[in-house]
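A short write-up of the structure that comes next.
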Number of protein chains: 2
Amino acid sequence: MPDKDEFSLQDFLPYLLNLAAEESSLSFQRVYKNRYGMLRTEWRVLFHLGTYGEMTATEICDKARIHKTKISRAVQKLVDRRFLVRERSDEDRRVEKLKLTTAGHAAFRDLRAVAEDYEEKLRAQFTTGEVALLRVMLRRLAGLDDPK
Amino acid sequence: MPDKDEFSLQDFLPYLLNLAAEESSLSFQRVYKNRYGMLRTEWRVLFHLGTYGEMTATEICDKARIHKTKISRAVQKLVDRRFLVRERSDEDRRVEKLKLTTAGHAAFRDLRAVAEDYEEKLRAQFTTGEVALLRVMLRRLAGLDDPK
DNA sequence: TGGTAATAGTTCTTTTTGTAACTAACAAGC
DNA sequence: GCTTGTTAGTTACAAAAAGAACTATTACCA
């Protein structure tokens with residue numbers, strides 16, 4: 001007796017999510033990599049600081065769900081490129097506050113425009129309502145909005 | 001003058017897709033890793049062979065969009081575990097056909113049940129129509145269904 | 001106070017991945 | 001036949017990631 005045929009790999013959500021995420025990440029990376037030679041983690045750190053302002057490494061870890069060693073190395077590279085500076089906190093001298101330099105902020109603004117263009121291209125394939133629903137679903141799946 | 005405030009990192013699709021994909025992959029991996037000590041690429045190879053039957057490494061590459069060196073190593077591990085066998089094609093002796101062994105097929109059936117349960121849990125958060133739309137959108141974003 | 005535990009961040013070591021070069025087999029043109 | 005080019009798959013080397021152990025600082029608490 002053959003296996004029951006209900007399962008469809010192409011429809012399995014974790015698999016499909018990965019294909020879509022990889023495709024969009026890679027094709028977007030092709031855009032910004034050529035621009036600043038930046039890796040994905042560096043991009044993420046830059047964007048967190050750009051959109052949320054001053055943050056600590058741990059705060060970025062929690063918000064972006066990236067391992068702290070990755071953050072540590074990305075921060076180092078961004079410091080080397082003079083895109084951000086560390087500053088020891090006076091209240092708690094273990095903590096270092098990260099903030100963009102002028103150059104870092106300029107790079108952020110530039111890359112943000114690139115991101116907006118890219119996003120626009122993705123959204124053009126769907127209706128406004130579809131995109132809104134997609135976001136809600138992805139946020140839920142990512143565990144950002146716990147349904148409680 | 002402050003930056004314009006339109007861009008939202010938390011809504012940026014490539015970023016959100018990655019968070020959702022990573023979260024679902026990791027939480028699903030926690031389930032099957034403890035079961036067979038399998039890595040994601042091995043899981044994918046096993047599932048391709050289980051759902052589509054006999055395939056070559058190149059066919060899996062194309063279908064799953066995984067680099068051939070990753071496939072090569074995953075196949076080797078699955079052979080070591082006696083989950084699949086290679087067989088040189090007679091028509092073209094460069095090609096090797098991959099097929100699951102009895103043990104491999106049993107593992108596939110077992111893991112497929114796990115996958116179905118997991119999928120069920122994910123889908124329970126949404127309506128049937130929402131899930132259907134999500135799939136369509138993800139397939140489009142993954143470049144599986146080219147809109148042409 | 002002194003001692004234990006926790007936290008922020010880095011560094012060291014091991015796995016995993018990606019790139020490029022390689023072998024073997026086939027294919028096409030001359 | 002030979003020469004060139006292509007394809008299937010592996011292997012070798014370099015880059016990146018994950019995990020564990022480490023330093024420095026703070027917090028708790030007896």
- prompt: For residues in the range B:137-148 being within 22 Å of B:His48 (Cα to Cα) and out of contact with any Asp or Glu (no Cβ under 8 Å at 6 or more places or on another chain), which is nearest to the other protein chains (Cβ to nearest Cβ)?
  reply: B:Leu138
message: Being within 12 Å of DNA strand D (Cβ to nearest atom) and within 11 Å of another protein chain (Cβ to nearest Cβ) is the filter here; which residues of the range B:17-44 pass it?
response: B:Asn18, B:Glu22, B:Ser25, B:Leu26, B:Gln29, B:Arg40
A:Val131 vs. criteria without any contact (Cβ under 8 Å) to a residue 24 or more places away in the chain, out of contact with any Asp or Glu (no Cβ under 7 Å at 6 or more places or on another chain), surrounded by 16 or more Cβ atoms within 10 Å (Cβ to Cβ) and of a type in the set (A, V, I, L, M): yes
query: Of the residues A:Glu87, A:Glu42, A:Glu116, which single one is under 30 Å from B:Val131 (Cα atoms) and among the acidic types (Asp, Glu)?
result: A:Glu116
- prompt: Which members of the range B:52-69 meet the condition of being more than 9 Å from DNA strand D (Cβ to nearest atom) and surrounded by 14 or more Cβ atoms within 10 Å (Cβ to Cβ)?
  reply: B:Lys63, B:Ala64, B:Arg65, B:Ile66
- prompt: Can you tell me which residues in the range B:119-136 are more than 7 Å from every other protein chain (Cβ to nearest Cβ) and not in a loop (DSSP other than H, G, I, E, B)?
  reply: B:Glu120, B:Lys121, B:Arg123, B:Thr128, B:Gly129, B:Val131, B:Ala132, B:Val136
query: Consider B:Arg88 against the criteria (1) surrounded by fewer than 15 Cβ atoms within 10 Å (Cβ to Cβ); (2) within 16 Å of DNA strand D (Cβ to nearest atom); (3) under 19 Å from A:Pro14 (Cβ atoms): it satisfies all of them except one. Which criterion is unmet?
result: (3)
message: Return the pair list, or none, for Cβ contacts closer than 6 Å from residues in the range A:9-35 that are closer than 25 Å to B:Trp43 by Cβ to residues that are among the aromatic types (Phe, Trp, Tyr) and modelled with pLDDT of 95 or more, at least 6 apart or on different chains.
response: A:Leu9/B:Phe47
- prompt: Which residues, counting only those in the range A:11-69, are of a type in the set (A, V, I, L, M), more than 13 Å from DNA strand C (Cβ to nearest atom) and in a loop (DSSP other than H, G, I, E, B)?
  reply: A:Met38
field: Where a residue in the range B:73-94 is more than 12 Å from B:Leu46 (Cα to Cα) and its partner, wherever it lies, is within 14 Å of DNA strand C (Cβ to nearest atom) and basic (Lys, Arg), with Cβ under 6 Å and at least six apart
entry: B:Glu87/B:Lys97; B:Ser89/B:Lys97
message: Residue pairs, Cβ under 8 Å, 6 or more apart or interchain, first in the range A:98-115 and without any contact (Cβ under 8 Å) to a residue 24 or more places away in the chain, second crowded, with 19+ Cβ neighbours inside 10 Å and of a type in the set (A, V, I, L, M, F, W, C). List them.
response: A:Thr101/A:Phe83; A:Thr101/A:Leu84; A:Ala103/A:Phe83
field: Residue that is nearest to the chain's Cα centre (by Cα), among those in the range B:70-103 that are more than 13 Å from DNA strand C (Cβ to nearest atom) and within 14 Å of another protein chain (Cβ to nearest Cβ)
entry: B:Leu100
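The values are calculated or read from the model by the stated rules, or taken from the named source; none is laboratory data. Worth saying up front: this structure is predicted, and the values here are computed from it rather than measured. With ideal geometry, Cβ positions are generated from the backbone for all residues, glycine too; neighbour counts draw on all protein chains shown.
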